[in-house]
Amino acid sequence: MMSNTLEHFERRPYTVIVAIGIIFSVAYLMAMTLFPREHGRVIDGDGIQYYAYVRSMVFDADFNFSNDYQLLYGNDDGGVWTTTRTNTDHAINLMSIGPALLWLPAFLLAYATTWSINLFGAQIPLDGVALPFQLSAGLAGIAYATAGICLCFRVAKHLFTAESAFWAVLVTWLASPAIYYSLSAPAYSHATSLFAVALFVDSWHRTRERTELTRYIVLGVLTGLVALVRWQDAIIVLLPLTEAAYGLLTRKTTFTVTVQRLGVMAGATALTFTPQMLAWYAIYGQLLLTPQGSDFMRWTDPQVLSVLFSWNHGLFSWTPGLLVASCGLYWLVKRDTVLGLASALVVFTAIYINASVEDWWAGEAFGARRFISYTVLFAIALTALTSALDSFRRTNWVRFAAICLIVSNVLFMTQYQLYMRGYGNLASYPTTAKQVLLERFLIPWRLITQFPRE
């Protein structure tokens, strides 16, 4: 019976993925409206700086976020965001402009909808921070994450079987930090970065047999989009660079042609990245910089073991499913040498970059959130591994393991959310091996026996 049900889901992968996205959207709406946070904001944390971009562009047509921060923080202390000024007398903003650009259609739709509703007597403020506006960013984030997962599946199933791709994609989405930033905090940059990188990988992979320059213009534009969303994710360009190097080594192309193609791609990337440079120039008076300061990156002192295995948001300690997925890179290289080697190179580079950041643990986070961008590569690698297991008739074991990983991570997210919502009597903040690996399994019992009832 269970096997038949799972097979039914496997035959409708896109329907399942979209259904999960819809469930996330409904849950997000209910949580934000029926159980609001104490400060009353939907947008919080880093999301405030991302959101300030879209509000300021639409309502003020500038990049001075002083009034945006005041509106968002209200009576709360905004700290350095409301008190610090740059050399150009602008409020600082350490985040990227890309998420705001991707949220813009949803934000404008919220504006039009709110304006229309007000015609019938509603009195919703058209100020860019009222509930419909803030919800638009989160709902757009969920939509982008869902679309990104669909792209992950499309690439993975093109290389391997659809059944293997289905479970691998669900694990890398629902059994990783990606679920949290697709559901609880979709107004950070991670949902949009998942989409942008997946779109790049899908477009690059589907056009690998094409040689016309228009291909490289498109890839350049997509590289620029990826960089607009999260600057460090521009390392995804290692995929076409590896492809170019492989073409030279195998003499499938010439050096002159390769330079021409990559030059066109670089030009398109730079042009697409222009909005961020213009924003930086307005805010800081420079076209290129690291807004967090020169000490933010410690290139000669990377904390590689910590970023991977620390109980403080370590990639593999918090998300063992991604450790399994990383092992799949071996089978991916066997299936597709260029994609496998390029994916490994991107993952290793991402590890080095994230290990070199001053706060390698990514501040307040559910897991190693800075790796969410590479969900598509982990999904492809895990698909390679599960396909290898399928060849040994281990399909049911793959399903069982996937479901266990997903359920375990949902319990872990529940533990984290309970603590963050003020229920420290029910859940500890995960900082030790016991709290990270075991406590989640006690949460259902504690909810039944200890959850406050009024």
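Return the residues of the range 271-287 that are assigned to a loop (DSSP other than H, G, I, E, B) and within 24 Å of the chain's Cα centre (by Cα); say none if nothing qualifies. Before you say what the answer is, go through the steps one by one.
Our first condition is that a residue be assigned to a loop (DSSP other than H, G, I, E, B); within the range 271-287, this holds for 273, 285-287.
Correct list: 273 only.
Can you find, within the range 69-79, the residue that is surrounded by the most Cβ atoms within 10 Å (Cβ to Cβ) among those that are over 26 Å from the mean Cα position of the chain (by Cα) and not small (Gly, Ala, Ser)?
Of all residues in the range 69-79, those over 26 Å from the mean Cα position of the chain (by Cα) come to 70-71, 74-77, 79.
Filter again for not small (Gly, Ala, Ser), leaving 70-71, 75-77.
Working: 70: 14, 71: 17, 75: 6, 76: 12, 77: 8.
Filtering the range 69-79 for residues that are over 26 Å from the mean Cα position of the chain (by Cα) and not small (Gly, Ala, Ser), the one surrounded by the most Cβ atoms within 10 Å (Cβ to Cβ) comes out as 71.
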Query raised in the report: Among the residues of the range 91-103, is there at least one that is loosely packed, with under 13 Cβ neighbours inside 10 Å and either under 26 Å from residue 144 (Cβ atoms) or among the hydrophobic types (A, V, I, L, M, F, W, C) (or both)?
Result: no
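Yes or no, residue by residue, for (1) touching a residue at least 60 places away in the same chain (Cβ under 8 Å); (2) under 26 Å from residue 158 (Cα atoms):
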{"site": "198", "(1), (2)": "yes, yes"}
{"site": "224", "(1), (2)": "no, yes"}
{"site": "236", "(1), (2)": "yes, yes"}
{"site": "257", "(1), (2)": "no, no"}
{"site": "276", "(1), (2)": "yes, no"}
{"site": "281", "(1), (2)": "no, no"}
Query - Flag for residue 259 being surrounded by 13 or more Cβ atoms within 10 Å (Cβ to Cβ) and not charged (D, E, K, R) - result: no
Requested in this report: For residue 332, indicate whether it is free of Cβ contacts under 8 Å to residues at least 40 places away in the same chain and not hydroxyl-bearing (Ser, Thr, Tyr).
Outcome: no
Report summary line: The lone condition residue 281 fails out of (1) of a type in the set (Phe, Trp, Tyr); (2) buried (at least 22 other Cβ atoms within 10 Å of the Cβ); (3) under 26 Å from residue 62 (Cβ atoms) is (2)
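Being modelled with pLDDT of 95 or more, of a type outside the set (A, V, I, L, M), crowded, with 18+ Cβ neighbours inside 10 Å and part of a helix (DSSP H, G or I) narrows it down to one residue among 373, 387, 408; which is it? Step through it out loud before you land on a result.
On the way: 387 fails: modelled with pLDDT of 95 or more; 408 fails: crowded, with 18+ Cβ neighbours inside 10 Å.
When all the criteria are applied, what remains is 373.
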**Report entry** Elements of type helices (runs of 4 or more DSSP H) contained in the range 73-160, each with 2 or more residues being in contact (Cβ under 8 Å) with a residue 60 or more places away in the chain and closer than 27 Å to residue 227 by Cβ
**Finding:** 98-118, 131-159
Query raised in the report: Just checking, how many residues over the range 390-405 are without any contact (Cβ under 8 Å) to a residue 12 or more places away in the chain and outside any loop (DSSP other than H, G, I, E, B)?
Result: 5
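Consider residue 192 carefully, then state whether it is in contact with a Pro (Cβ under 7 Å, 6 or more places away or on another chain), assigned to a helix (DSSP H, G or I) and either touching a residue at least 60 places away in the same chain (Cβ under 8 Å) or crowded, with 24+ Cβ neighbours inside 10 Å (or both). It would help to see each step written out before you state the result.
Working: in contact with a Pro (Cβ under 7 Å, 6 or more places away or on another chain): yes; assigned to a helix (DSSP H, G or I): yes; either touching a residue at least 60 places away in the same chain (Cβ under 8 Å) or crowded, with 24+ Cβ neighbours inside 10 Å (or both): yes.
Judged against the criteria, residue 192 is a match.
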Query raised in the report: When residues of the range 326-359 are filtered for being surrounded by fewer than 22 Cβ atoms within 10 Å (Cβ to Cβ) and not in a helix (DSSP H, G or I), how many remain?
Result: 4
Query raised in the report: Which numbered condition trips up residue 56, out of (1) under 20 Å from residue 282 (Cβ atoms); (2) of a type in the set (Gly, Ala, Ser); (3) part of a helix (DSSP H, G or I); (4) touching a residue at least 40 places away in the same chain (Cβ under 8 Å)?
Result: (4)
Query raised in the report: For the range 1-48, what are the residues that are in contact with a helix residue (DSSP H, G or I) (Cβ under 7 Å, 6 or more places away or on another chain) and under 30 Å from residue 291 (Cα atoms)?
Result: 41, 42, 43, 48
Query - Index of the failed condition, residue 64 passing every other in (1) outside any helix (DSSP H, G or I); (2) crowded, with 17+ Cβ neighbours inside 10 Å; (3) touching a Phe, Trp or Tyr at 6+ places or on another chain (Cβ under 9 Å) - result: (3)
Requested in this report: Spot the failing condition for residue 268; the list is (1) among the hydrophobic types (A, V, I, L, M, F, W, C); (2) in a helix (DSSP H, G or I); (3) more than 26 Å from residue 218 (Cβ to Cβ), and only one is missed.
Outcome: (3)
Query raised in the report: Restricting to the range 422-451, what's the tally of residues that are part of a loop (DSSP other than H, G, I, E, B), loosely packed, with under 14 Cβ neighbours inside 10 Å and not hydroxyl-bearing (Ser, Thr, Tyr)?
Result: 5
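Consider residue 36 carefully, then state whether it is surrounded by fewer than 21 Cβ atoms within 10 Å (Cβ to Cβ) and within 28 Å of the chain's Cα centre (by Cα).
Judged against the criteria, residue 36 is a match.
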Report task. Might you check whether a residue that is part of a helix (DSSP H, G or I), over 27 Å from the mean Cα position of the chain (by Cα) and on the phi < 0 side of the Ramachandran plot occurs anywhere in the range 217-232? Result -> no
**Report entry** Index of the failed condition, residue 294 passing every other in (1) under 21 Å from the mean Cα position of the chain (by Cα); (2) more than 28 Å from residue 417 (Cβ to Cβ); (3) among the hydroxyl-bearing types (Ser, Thr, Tyr)
**Finding:** (1)
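The values are calculated or read from the model by the stated rules, or taken from the named source; none is laboratory data. Since the model is a prediction, treat every value here as computed from it, not as a measurement. Please note: Cβ atoms are built from the backbone with ideal geometry, for glycine as well, and neighbour counts cover all protein chains shown.
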